[in-house]
Every structure is written in C-alpha cells, then in structure tokens.
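Each reported figure results from applying straightforward, stated rules to the coordinates on display, with no laboratory input. A quick note: this is a predicted structure, and the numbers were derived from the prediction, not measured. In this analysis, Cβ positions are derived from the backbone assuming ideal geometry, glycine residues included, and neighbour counts consider all displayed protein chains.
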Amino acid sequence: MAERPRLRPVTIATRAAITAVHGFLPPDVLTNADLARMVDTTDAWISERTGIKERRILKGEGLGSSHMGAEAVRGLLAKTKTSPEDVELLICATTTPDFVHPCTANLICDMVGIRNIGSFDVQAACSGFLYALAVASQFIAAGTFKKIVVVGADKMSAIVDYTDRATCVLFGDAAAAVMLEPNAEGYGIMDTVLRSDGSGMKYLHQKAGGSRMPPSAETVAKRLHYIYQEGAQVYKYAVAGLSEVTHEIMARNNLTADMIDWAVPHQANRRIIETAAERLGLPLERVMFTIHKYGNTTTASIPLSLWDYEDKLKVGDRLLLAAFGGGFTWGGAYVTWAYDGAKAPKLNGGHNGKNGGAA
Ligand SMILES: CC(C)(COP(=O)(O)OP(=O)(O)OC[C@H]1O[C@@H](n2cnc3c(N)ncnc32)[C@H](O)[C@@H]1OP(=O)(O)O)[C@@H](O)C(=O)NCCC(=O)NCCS
C-alpha cells in the first residue's frame, strides 16, 4: 500500500508578545550598611561577592506579596488603559504566597477588580516568572485568550532569617507584571526552554511550613521557616544551568552572541551573571543588571529588569531571558521586543517610581 503523504504542520503565525511592563518597589531601603549593623558582615564583602548594594523591604501590618503584585498590576492596567474586565487570565508567579491557599493570583484579581476569569499561581522559585510566561504564551498562541497578565511578586523578607549572614544579604522584596497580547508581525515569545531537577532540593529549600513538616512551636523555635541554602553548591549549579539553557535556546534558534541585543538574567549574584555571559561571549553592556539596587527579588527579578530598562528597548530587539532557582528549576526564553519602550506611557512623573533608572 502506498504511504500516505504526511500532513505538513501548520505554522502558528500569532505570537504572544509582551506589550507593557510595570513594577512595584516598596519604599523602604535596606542597605549593606544597615545589614552590617545586624549581622557580622561588611559592605565590601556583600558588594564583592554578590554585587548587591541595597534592596527593598515591604513593611506594613498585614501586607504580603499580593499587595505588591496588585500595585504592579494596577500600574500595568493604568499604563495600557486596560479595563480590569478586559483581562482574560492572570497568572502569578510567587514563592512567598500570602497564604498556602487561596492562591495569590486570586487575591490580586480581587484587589484590582478583575473578576470572573481564571487566575492561578505558578511555584517554580526564582524561575517562576519564566515558567508562568511560557504557560501564558501558549494560551495566546493557541488563540484562547487575547489579554493575559503575568505577575511575579515576592516578599522574600518574610522567609529570610535576618540572623543568618549567608542568606539575609541576598534577597529583596518587589513585584513586576507584564501584559501579553497576540502579535501577528512575528514579535514576541519565540521559544522557551524549561528544566527542573528535584534532587537539587537539598541545597535550597524551606524546611517547615508545608505538609511534610507543618508549623509547630518546635519548628518555630528551631528557625525552620526560613530559607536554607548551601550557597556554594547553588552557585555551581546556577552557572551550569544558565549556560546550558542559553546555549540550547541560541542553538535551536540559530542565534549567535552578536545577534542578542539584551540578556535578561535572573538577578541572584552579579558574578553568576558575569560568568554565564562570558561563556556565551556576550559583552556586559548588553546584559541587564539591577541586582545592585534590588538584590534577588525571586519571581519579580526578570520583569523588574525589563521595567528598569524599558526606555532602552526597541521594536525588534532580541532578548534572551534566563533564570535559575530553587527546585532546582531553570529555563530560558527567546523574545523579540514588540514596542518602543521610550514611547511607552510613564506613570509617577516620568520615572515610573524607579530608583535611579537602568545601571
Ligand atoms: C551566597 C554566596 C554569595 C556566598 O558566596 P561564596 O563566595 O560562595 O561564599 P561561601 O558561602 O563559600 O562563604 C565564604 C566565607 O564567607 C563567609 N560569609 C558568608 N556570608 C557572609 C557575609 N554576608 N558576610 C561576610 N562573610 C560571609 C562564610 O562564612 C565563609 O567563611 P569561612 O570561609 O570562614 O567559612 C554565593 O555562594 C552565591 O551567590 N550562591 C548562589 C546563590 C543563589 O543564586 N541563590 C538563589 C538561587 S535563585
């Protein structure tokens, strides 16, 4: 019997493009000098080993990640003149949800007046925003939705032990959100790579508070509700993981380093970013750095960098997003930018409320 001709795959022309970005930074600043008064550390050690100079801390009774997420989403809706009822899906990436349940995405929707749509959280630690972006982009490319909000929000100060000098210097609080819409001109999320390896759990986790070890007087007394990290191990895996996904995504999209306009790495440690960029042959002028101002803001880190550098982004710019985090989880995305950032509407008197703009 003659072989049936194979059907050629249909090319999906519609891509999910990031059409706006907005962030929220709590006003309270925690500097390296402040930390040096709290634990046995110095500004020199923190700056040299991590690149961090200061970070933001969310203060205020009863405020959780949802507060910052809602502020970021409110700004995003205002900037894009989007009515809450036009949003069709909201995904929140967070590692520090307000509650075990309900999810933080539900709370954010309620706070900003988005009703009767699906909303859910994605938990993939520092790679959470990339994971959420990958999920959301599928709904747009499939034609299911035309307006999706993806927000990363983390109040890391809620799970940081401010007596542990090895971790308390690293993290900060923030949120940032992007709008995803269809783009028929070929700009948007071109490709994503997601990876995980649960055996990495032993190097980075929070021991108590989940179903395996519910909270008790003993877990509190033993300080088990904070981030536990073996920094040197995580460092090693982070460099390897970031290099792996960025090489893979570049190879399968026929990209060379000179074609990348901006690398947008998760901001965990300046030295990790520099090493990964060097391995790719990317000059540091084309790498976004915000770690000095905000520290590691976990799921907010990547969209916060996009917000910080928004004015510099032009239509057609090729961006390489990459993240690594607890789990372990890691991943990358190749994105072509869909709008001129300099022409984007500005809130708060033109500087978007940021602390000094891009580095
Ligand atoms: C945490 C990190 C900055 C530590 O830097 P490092 O160069 O690996 O340092 P080490 O952990 O090996 O510690 C070196 C020394 O500095 C000390 N040290 C740790 N934190 C310190 C601090 N804040 N101030 C001063 N000294 C400190 C250690 O106690 C150790 O001292 P010792 O040699 O006397 O034992 C680094 O490992 C890192 O960034 N890891 C990856 C973190 C990460 O990406 N996490 C999130 C994933 S999203």
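For the range 118-274, what value does the Rg/Rh ratio take when both radii are computed over Cα atoms and Rh is the Kirkwood radius, given to two decimals? Display every interim value, and only then the final one.
On the way: Rg = 18.3 Å, Rh = 18.2 Å.
Across the range 118-274, the Cα-based Rg/Rh ratio is 1.00.
Between G332, G113, G198, which gets the highest mean-square fluctuation from a Gaussian network model of the chain, Cα cutoff 10 Å?
Among G332, G113, G198, the largest GNM mean-square fluctuation belongs to G198.
Given springs between every Cα pair under 10 Å in a Gaussian network model of the chain, which of L224, L76, L306 has the largest fluctuation?
L224
Any chance you could list the semi-axes, whole Å, largest first, of the equivalent ellipsoid that the Cα gyration tensor gives for the range 258-333, using √(5λ)?
Values: eigenvalues 66, 43, 29 Å².
Over the Cα atoms of the range 258-333, the semi-axes work out to 18, 15, 12 Å.
Which value, in Å to one decimal place, does the Kirkwood hydrodynamic radius take for the range 25-88 when every pair of different Cα atoms is included? Provide the component values of the computation, followed by the final result.
Working: mean 1/r = 0.0693 Å⁻¹.
14.4 Å is the Kirkwood radius here.
Take every DSSP beta bridge whose two residues both sit in the chain, then give the antiparallel share in percent to the nearest 5.
For the chain, the DSSP antiparallel bridge percentage is about 70.
Can you tell me the relative contact order of the chain? Whole percent, Cα pairs under 8 Å, sequence separation 6 or more.
Details: 820 pairs, mean separation 86.1, N = 359.
In percent, rounded to a whole number, it is 24.
Using the Karplus equation 6.51 cos²θ - 1.76 cosθ + 1.60 (θ = phi - 60°), what ³J(HN,Hα) coupling, rounded to whole Hz, does each residue of the range 68-81 give in order, writing x for Gly and Pro?
After applying 6.51 cos²θ - 1.76 cosθ + 1.60, I find 5, x, 5, 4, 5, 5, 4, x, 4, 5, 5, 4, 9, 6 Hz.
Could you tell me the relative contact order of the range 10-85? Use alpha-carbon pairs under 8 Å, at least six residues apart, and round to a whole percent. Write down the numbers at each step before the final one.
Numbers: 59 pairs, mean separation 28.6, N = 76.
RCO, the range 10-85: 38 percent.
May I ask you to list the trypsin sites (Lys or Arg not before Pro) in the range 212-253 that are in a DSSP loop and have at most 16 other Cβ atoms within 10 Å of their Cβ? Don't skip to the answer; put the middle values down first.
Values: sites: R212, K222, R223, K236, R252; in loops: R212, K222, R223.
Of the trypsin sites (Lys or Arg not before Pro), the ones in loops of the range 212-253 whose Cβ has at most 16 other Cβ atoms within 10 Å are R212, K222, R223.
What is the antiparallel percent of DSSP beta bridges lying wholly in the range 1-148, to the nearest 5?
Details: 4 of 10 bridges.
Approximately 40 percent, going by the DSSP bridge assignments.
Share of Cα-Cα pairs in the chain beyond 37 Å, in percent? Don't jump to the answer; show the numbers that get you there.
Values: 9817 of 64261 pairs.
Cα-Cα pairs of the chain separated by over 37 Å account for 15 percent.
In debye, nearest 20, what is the charge dipole magnitude of the chain about its Cα centre with +1 on Lys and Arg Cβ and -1 on Asp and Glu Cβ, if you could check? Numbers along the way, then the final one.
Working: 37 positive and 37 negative charges, 62 e Å.
It comes to approximately 300 debye.
A44 versus S83, label points 7 Å from Cα toward the beta carbon: distance in nm?
6.1
Scan the range 168-248 for GluC sites (Glu not before Pro) in coil per DSSP, keeping those whose Cβ has at most 16 other Cβ atoms within 10 Å, and list them by number. Mind dumping the intermediate values first?
On the way: sites: E185, E218, E230, E244, E248; in loops: E185, E230.
Answer in residue order: E185, E230.
How compact and how long is the range 43-184, expressed as Rg and Dmax of its alpha-carbon atoms in Å?
Answer for the range 43-184, Rg first and Dmax second: 16.3, 52 Å.
List the trypsin sites (Lys or Arg not before Pro) within the range 28-105 that DSSP assigns to loop and that have no more than 10 neighbouring Cβ atoms inside 10 Å.
Numbers: sites: R37, R49, K53, R55, R56, K59, R74, K79, K81; in loops: K53, K59, K81.
Answer by residue number: K81.
Counting only residues 5 or more places away or on other chains, whose amide H sits under 5 Å from the amide H of A338 once H atoms are built in the peptide plane?
I18, G316
Reachable lysines from K343, Cα under 24 Å, same-chain residues fewer than 8 places away excluded?
K79, K81, K146, K147, K312, K314, K354
Which order, highest average first, do 38-48, 141-151 follow once you tally other Cβ atoms within 10 Å for each residue and take the mean per peptide? Mind dumping the intermediate values first?
Values: 38-48: 13.8, 141-151: 20.3.
In descending order of packing, they fall as 141-151, 38-48.
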